[in-house]
Amino acid sequence: MSGRAGQRTTPWTTTLATHAVLVVASIAALYPILWVVKMAVTPGQAFDASPSPIPSAVSLEHFAAVTSTTTADGGWLFGRQLFNSLLVSGATTVVGLGLATTAAYAFSRFRFAGREAGLTAFLLTQIFPGVVMLIPLYILLDAMGLLDALTGLILVYSTTSVPFSTWMLKGYFDTIPKDLEEAARIDGASNAFIFTRIVLPLARPALAVTALFSFMTAWNEFILAATLMNDASMFTLPVALQRYVGEYQTDWGSFAAGAVIVSVPVMALFYALQQHLVGGLTAGAVKG
Amino acid sequence: MSRLLTVWLTLWLAVPGIAGAAERVVLWHSYRGAEETALIAAVEAFEAEGGADVEVLAVPYEVMASKLTNAIPRGNGPDVFVFAHERVGGWADTGLLRPVADWAGAPALDAFPGPALEALTYGERRWGLPLSVKSLALFRNTDVVPEAPATMDDLLAAARASVARGGSGIAYESESFYFHAPWYFGHGGALTMPPPLVDFEGPAWRDSLAFLADLVDEGLVPEEPTGALVAGLFRSGDAPFAISGPWFLAELEGGVPWAVSPLPRFADGRPASPLLTVEAVFVSATAERPDDGAALASFVAGPEGARLRGTLGRQVVAHGSAWDDPALADDPVLTAFRDQAALAVPMDNRPAMRDVWEPSQIALKKVMRGLATPEQAAEASYRRWKAITKPVPPEASPTPYLALLATGALALAALVWRFLAGLRARGEVEHTARSWAWAGPATVATVVLVFVPFAVGIGISTFAHRGGDWTFVGLANYVAILSGSTFPHTEPLGFAYALAVTVLWTAANVALHLGLGLFLAILLNDANLAGKPIYRVLLILPWAVPNYITALIWKGMFHKQQGAINGLLELVGVEPVSWFGSFPTAFFANLCTNVWLGFPFMMVVCLGALQAIPSDLYEAAEVDGASRWQQFRHVTLPLLRPALIPAVLLGTVWTFNQFNIVYLVSGGEPDGATEILISEAYRWAFTRQEQYGYAAAYAVLIFVVLLGWSWVSTRISRSVEAAT
């Protein structure tokens, strides 16, 4: 792996400087997050604005308030919204990954008419200005009868993530040596067999990263969800969170508590997948 | 597993279908807290009295209006909804509302105060029933100011005394016209006809700005006032006065003792009248159950509904009979707000009212920051008003465009035909079909949900949309944007200016993302580094926080009085900076936020690429006697390039369209100077009278700019690759 340091002995001054820089950078990365946590645990509206990230008092009342919302008929609204978020993000990941892996396999392994055009079209989608397409999307989903339904959100989110996922996976597939596949093909294996038994298992790091991105696309999005969903029991968590940033007043404590709740699962996923993240994101580009 | 998933999916996705059936009357509102509880109690009372079953939906306030505008015409809206009266004109024009005269049971109107009913009248018809009235009033700290000030001079004297003691004066959100209105009306202003309702060229507007400038000079109003700051200053006893509305009550618990009274009169006897908002209940024009809806609306607005909303929700209810209840009549807070409402000026319900906020805010901010004289500020607001209310271009003849469209469609059909014929000639049909079976689903989904909406957007860009009317204008939107006829290119809001800001924004971000990411990756790419996993996790964290949350946090951190950044600067002896007061500092605030959230991506890309470089290359270089720098220059960089180019290309495109950060952190301040193209487009579409056509033209231009840029940059990177 990284060979340089292994061969040379680094002078202690350099090591010290490295640590100093990394510590400063880590503090800068962490500070705003601690600030949110401080806001979330400070009781009432009495948030003190001193720059210290350590709260002067700790209470879980905002967390309790945020997680105990109920529907008009007494149902557990927060639970329902958490479920919506999980379902939409999970389904987006599954659908998005399903579409992207097969497309990426075709673009990587087959040479066929329209391939270049297809790849270019996928790249083009990245430059479409998203927020301005809200109105057409609304009209379209309405025509398909998918307003105020989680299916509509899942479809929109999966297609948003598909082009990027396809490109990333194609890059990774390109780096997987073709010898194994060719051998299998001589033995009479079908494309489907090669794809599911050879290529996918070898592409696990890239799949993990792509899955993470698809999940995040859906988990964090709120403008579309706020436009397309009317019923509070259909909201995803980010839309529910928007309610705390109100017309005249902002309930910062509840907003911060909600922000922590929304961020923690993604942080956990990043933590779990960080090994894959480093390899999966770039291997394709480096070798290809 | 997959079967279980299918079952779950079907089950949950089917639920809205069942609940959506018109068995119940659907009511939308955006109340929270006690007001929500009270509304629900009123609805339950309605059901208990034999009314239809009701489904109550709480919709976030920010999206309520646009949801109603979109949903009702398509039959997806509620039967009944609660909203402020200010949109009545626009909604009546677009046929969203059912006039009260058509409601079943002809509700009695005589118990409602005249001005509240007047506010709901437009085009000589009445469109809703008033629920409650809201306006600003004066809150005072009774420890410091026991008696309500009778005149403006008394108020100012008490505020000056507090400032002299080192405290603040009058805490209110002085940068919004809603809060400034009492000064405007107090200086003889009125909501004039024809628009601009607020007479931006008249003496009252100028005089009110001069009055504000005096308050600023004397230090009587806090800088960069937000709702949170006002609440903080008043609660802590720092400010003896706050000007706010009934929603302020929720913030006062546990603070100083207080009382509320109407705003005092100016020396010439004119009252400082706040704007009056009438919250009303409406029946939508496409209601599936209009009669039950009307019954529900009449009940909620009527005597019993009003009593519940007044006692449980502490609303200043409009219905007169509720005030017979001592619980309301003896409540000093509610009666103070009721007295103030009697002196307030109802907000105009014509669509033109919505064009008042942005221009007035320009002037107020300029005065607050001491950047302009009242005359200059008034002039600036008039100019902005002219720009955002630009006249609709003349209608164009669609014939040449339709001909062009038909030619395009024919050419496309011919291309497809040639493509298929070519396949057949080369005998590739089967192979191509089999390959597309793999790539097809993703392509079809992308085409339907990404390309089709964009094509619709291109179509929309040839129309002008104003108040529900679509006019075909051909390329007039593009001409207006590119010619700079709406706003000169050299000023904020001009296309060239916004493009320049966007390019600067993108270049600065990508350079910092890449520089910082690469630098940290090189530090981390050391096998012997102690604590490496910890550093890596901490440095990736910013990526994991949803970016709208990041944006709101950083906006808070850059606040002048309450923000952490100024707090840190103060520790090292730097004066607090007004971050959003000038272009460089506001741009810097946006940049900091976006660099913070964006560098981990580049760091991870670089780290992956660095780890993939075989170590024997370095060994060989070392044998040849290459220095560290030479190794970096001739081994590391060339091998990183293939990984960095796509990451930089994507990073550029993403940053170019990074809407959330600009919109939420600086919000374009000062005066729209930090607005980038995409946030400018969003403003035209959603905050300036839904000028969808103009916004769509912006979007198409953004696309064209990025397309040109990607074409050029791929050319360059290819030629560089070919040369090395």
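Each value in this text was obtained by applying a stated rule to the coordinates, not by laboratory testing. Keep in mind the model is a prediction, meaning the values are calculated, not measured. Reconstructed Cβ throughout: ideal geometry from the backbone, glycine too, with neighbour counts over all protein chains shown.
What is the distance in Å between the Cα centroid of segment B:517-544 and that of segment B:100-124?
66
Using R₀ = 56 Å, calculate the FRET efficiency as 1/(1 + (r/R₀)^6) where r is the Cβ-Cβ separation of A:GLN274 and B:VAL444; round to 0.05. Write down the numbers at each step before the final one.
Numbers: r = 34 Å, r/R0 = 0.62.
Once the sixth-power term is evaluated, E becomes 0.95.
Considering all projection directions equally, how large on average is the shadow of the alpha-carbon convex hull of segment B:419-538, in square nanometres?
Dividing the Cα hull surface by four gives the mean projection, 16.3 nm².
When the gyration tensor of segment A:51-188 is built from Cα positions, what are the square roots of 5 times its three eigenvalues, in whole Å, from largest to smallest?
On the way: eigenvalues 334, 97, 58 Å².
Equivalent-ellipsoid dimensions as semi-axes: 41, 22, 17 Å.
Computed FRET efficiency, Cβ-Cβ of B:PHE451 and B:ALA403, R0 25 Å: what is it to the nearest 0.05? Write down the numbers at each step before the final one.
Values: r = 23 Å, r/R0 = 0.93.
Once the sixth-power term is evaluated, E becomes 0.60.
Measure up B:LYS366/B:LYS390; B:LYS365/B:LYS386; B:LYS134/B:LYS365; B:LYS532/B:LYS560 against 29 Å on the Cα-Cα distance and list the ones that go over.
Details: B:LYS366/B:LYS390 23 Å; B:LYS365/B:LYS386 18 Å; B:LYS134/B:LYS365 25 Å; B:LYS532/B:LYS560 37 Å.
Listed pairs above 29 Å: B:LYS532/B:LYS560.
On the Cα set of segment B:257-401, report Rg and Dmax in Å, please.
22.2, 71
For chain B, what's the relative contact order in percent, using C-alpha pairs closer than 8 Å and at least 6 residues apart?
Worked out over chain B, it gives 14 percent.
Whole-Hz Karplus ³J(HN,Hα) for segment A:78-94, in order, using 6.51 cos²θ - 1.76 cosθ + 1.60 and θ = phi - 60°, x for Gly and Pro?
4, x, 5, 5, 4, 4, 4, 4, 5, 5, 4, 5, x, 5, 4, 4, 5
Take peptides B:376-383, B:701-708, B:129-136 and line them up by average Cβ neighbours within 10 Å, highest first, as a rough protection proxy.
Highest-to-lowest ranking by the protection proxy: B:129-136, B:376-383, B:701-708.
Quick one: grab the alpha carbon gyration tensor of segment B:19-142, order the square roots of its eigenvalues as a ≥ b ≥ c, and give me rounded if a/c is under 1.5, else prolate or oblate depending on whether a/b is larger than b/c.
It comes out rounded by the Cα gyration axes.
Mind giving me the FRET efficiency for A:THR70 and A:HIS19? R0 is 35 Å, r the Cβ-Cβ distance, nearest 0.05 is fine.
0.10
Restricting attention to the alpha-carbon atoms of chain B, what are Rg (one decimal) and Dmax (integer), both in Å?
30.4, 98
Taking θ as phi - 60°, what are the ³J(HN,Hα) couplings along segment B:373-389 by the Karplus curve (6.51, -1.76, 1.60), each to the nearest whole Hz, with x for Gly and Pro?
Working through the residues one at a time gives 6, x, 5, 4, 5, 4, 4, 5, 5, 5, 4, 5, 4, 4, 5, 7, 9 Hz.
For segment B:26-95, count the residues as N, evaluate 2.2 N^0.38 Å, and divide the Cα radius of gyration by that value, please. Let's see the in-between values first.
Numbers: Rg = 13.0 Å, N = 70, 2.2 N^0.38 = 11.1 Å.
Against the empirical 2.2 N^0.38 Å value, I get 1.17 for segment B:26-95.
Which whole number gives the average count of other chain Cβ atoms within 10 Å of the Cβ atoms across peptide B:196-209?
Per residue, the number of nearby Cβ atoms from other chains is 0 on average.
Can you give the Kirkwood hydrodynamic radius of segment B:143-261 from its Cα pairs, in Å with one decimal?
Computed over Cα pairs of segment B:143-261, the Kirkwood hydrodynamic radius comes out at 15.2 Å.
What span do the alpha-carbon atoms of segment A:204-273 cover on each of the three principal axes, reported in whole Å from largest to smallest?
Largest to smallest, the principal-axis extents are 48, 26, 16 Å.
Could you tell me how many cubic angstrom of Cα convex hull volume segment B:619-705 has per residue?
Values: hull volume 11.3 nm³, N = 87.
For segment B:619-705, the hull spanned by Cα atoms encloses 130 Å³ per residue.
Describe numerically, in nm with one decimal, the distance between label points set 7 Å from Cα along Cα→Cβ at B:ARG628 and at B:VAL479.
In this crude spin-label approximation the distance works out to 6.3 nm.
In what sequence do A:THR159, B:THR486 fall when counting other Cβ within 10 Å, fewest first?
By the 10 Å Cβ count, ascending, the order reads B:THR486, A:THR159.
What value in Å³ per residue do you get for the convex hull of the alpha-carbon atoms in segment B:654-724?
It comes to 91 Å³ per residue, whole-number rounded.
List every residue whose amide H lies under 5 Å from the amide H of B:VAL198, counting only residues 5 or more places away in sequence or on a different chain, with H placed 1.01 Å from N in the peptide plane.
Correct list: B:THR192.
Please compute the volume of the convex hull spanned by the alpha-carbon atoms of segment B:509-586 and report it per residue in Å³.
In segment B:509-586, the Cα convex hull volume per residue is 140 Å³.
Helix-only mean residue ellipticity at 222 nm, the protein assembly as shown, DSSP H runs n ≥ 4 weighted -39,500 (n - 2.57), per residue, nearest 500. What is it?
Dividing the helical sum by the residues of the protein assembly as shown leaves -19000 deg cm²/dmol.
Between B:ARG126 and residues 5 or more places away or on another chain, which pairs have amide H atoms under 5 Å apart, with H built 1.01 Å from N, and which residues are they?
Distant-sequence amide H within range of B:ARG126: B:VAL100, B:ALA101.
Which aspartates and glutamates have a Cα lying under 20 Å from the Cα of A:LYS178, excluding residues fewer than 8 positions away in the same chain?
A:ASP187
Calculate the length of the line joining the C-alpha centroid of segment B:167-190 to that of segment B:613-686, in whole Å.
45
Most exposed first by the Cβ proxy, i.e. fewest other Cβ within 10 Å, how do B:THR192, A:THR71, B:THR443 rank?
B:THR192, A:THR71, B:THR443
Taking beta carbons within 10 Å but only from partner chains, what does the mean come to for residues A:117-127?
On the way: counts 2, 7, 1, 1, 5, 5, 6, 8, 6, 8, 14.
Shielding by partners across A:117-127 averages 6.
Read phi for every residue in segment B:683-696 and hand back ³J(HN,Hα) as whole Hz from Karplus 6.51 cos²θ - 1.76 cosθ + 1.60, θ = phi - 60°, with x for Gly and Pro.
4, 4, 6, 10, 10, 10, 6, 6, 7, 4, x, 4, 5, 5
Considering every residue in B:426-439, what mean count of other chain Cβ atoms within 10 Å of its Cβ is obtained?
That average works out to 5.
Give me the percent of DSSP beta bridges within the protein assembly as shown that run antiparallel, rounded to the nearest 5.
70
Normalise the Cα radius of gyration of segment B:323-478 by 2.2 N^0.38 Å (N = residues in it) and let me know the number.
Numbers: Rg = 29.3 Å, N = 156, 2.2 N^0.38 = 15.0 Å.
Relative to the rule-of-thumb radius for its length, segment B:323-478 sits at 1.95.
Counting other beta carbons within 10 Å of each residue's own, what order do A:SER26, B:SER321 fall into, fewest first? All intermediate terms of the calculation are to be shown ahead of the outcome.
On the way: A:SER26 19, B:SER321 13.
By the 10 Å Cβ count, ascending, the order reads B:SER321, A:SER26.
Skipping prolines and chain starts, which residues have an amide H placed within reach, meaning under 5 Å, of the one on B:TRP28, given they are 5 or more residues away or on another chain?
The answer is B:LEU57, B:VAL80, B:PHE81, B:VAL82.
Give the separation of the Cα centroids, segment B:426-468 to segment A:201-222, in Å.
Rounded to whole Å, the Cα centres lie 24 Å apart.
Modelling each spin label as a point 7 Å along the Cα-to-Cβ direction, I'd like the A:LEU180/B:ILE534 distance in nm, to one decimal.
Placing both labels 7 Å along Cα→Cβ, they lie 3.8 nm apart.
Against the 2.2 N^0.38 Å scaling, with N counting residues, where does the protein assembly as shown land? I'd like the Cα-based Rg ratio to two decimal places.
1.00
Could you tell me whether segment A:107-233 comes out rounded, prolate or oblate from its Cα gyration tensor? Rule is a ≥ b ≥ c as square roots of the eigenvalues, rounded for a/c under 1.5, then prolate if a/b exceeds b/c, otherwise oblate.
Verdict is prolate for segment A:107-233.
Could you check the simple spin-label distance between B:ARG434 and B:ASP330, using points 7 Å along Cα→Cβ, in nm with one decimal?
Reported label-point gap for B:ARG434 and B:ASP330 is 9.0 nm.
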